[in-house]
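What follows is calculated from the coordinates using simple rules that are stated; it is not laboratory data. Keep in mind that this is a model prediction, so the values were computed, not measured. Methodologically, a virtual Cβ is constructed for each residue, glycine included, from the backbone with ideal geometry; neighbour enumeration extends over all protein chains shown.
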Amino acid sequence: MPKIPKIPKSFLLLTFASIQGGLFYWLSLIPVPNWEKIYQLIGYSGILVGLLLAAYILLHFWQQHQKRHRIIWAIAYFILSAILAIYFGVLAIVLNLSSVEGFMCSVARVNSVEFPNYRSTIYLINLSCIPDGHSSVYVQTSWLPVMQQIGYFNSPFDESLDPLDRNNEIVKIFGSNGVIYYDLKTKKSWKW
């Protein structure tokens, strides 16, 4: 087996921890619908880099300790590998489910309304889920392709009606079980 060049352990562990921290932050974001594939590609790239770094760390420790207590180290190596495989498998599943759709849902329709004076875009997303569909309201307020949910309704928006009422800087979004108000200037929302 070829010798693996030595890299300080603290650097390896710090790099691994920072990649995983960045990946968890990335998974907490909700991408704009037309950026979803790019979002998943970046997430899977982070998982791949984390896997490669974890494999390097495990090989590095294996080479250092394989001469002493081989059976104990083989068992520890196997358990660590299994834990890492489960961890990265769960991360991949979470990455797949962390979109707008969620679990057991698919996007039926997306309407977006831009407000260039306020640098905001409101997304009205109808979701068809099992057993019932619902609708969610998201807003994008920065140049990043990331959305923030400001509300949801128990049933989809009616396709024949415009659910938005634009009144100066406050937008009213009408749904099946109430009204969501969104202030474009202060970026705050409330439900009535």
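Of note:
- Amide H to amide H distances under 5 Å link D158 with no residue, where only residues 5 or more positions off or on other chains count and H is placed in the peptide plane.
- Likely footprinting exposure, F157, F11, fewest C-beta neighbours within 10 Å first: F11, F157
- Calculated diffusion of the stretch 105-191, Stokes-Einstein form, Kirkwood radius summed over Cα pairs, 10 °C and 1.306 mPa s, µm²/s: 121 µm²/s
- ³J(HN,Hα) computed for each position of the stretch 147-154 - Karplus, 6.51 cos²θ - 1.76 cosθ + 1.60, integer Hz, glycine/proline x: 10, 10, 6, 10, x, 8, 10, 6
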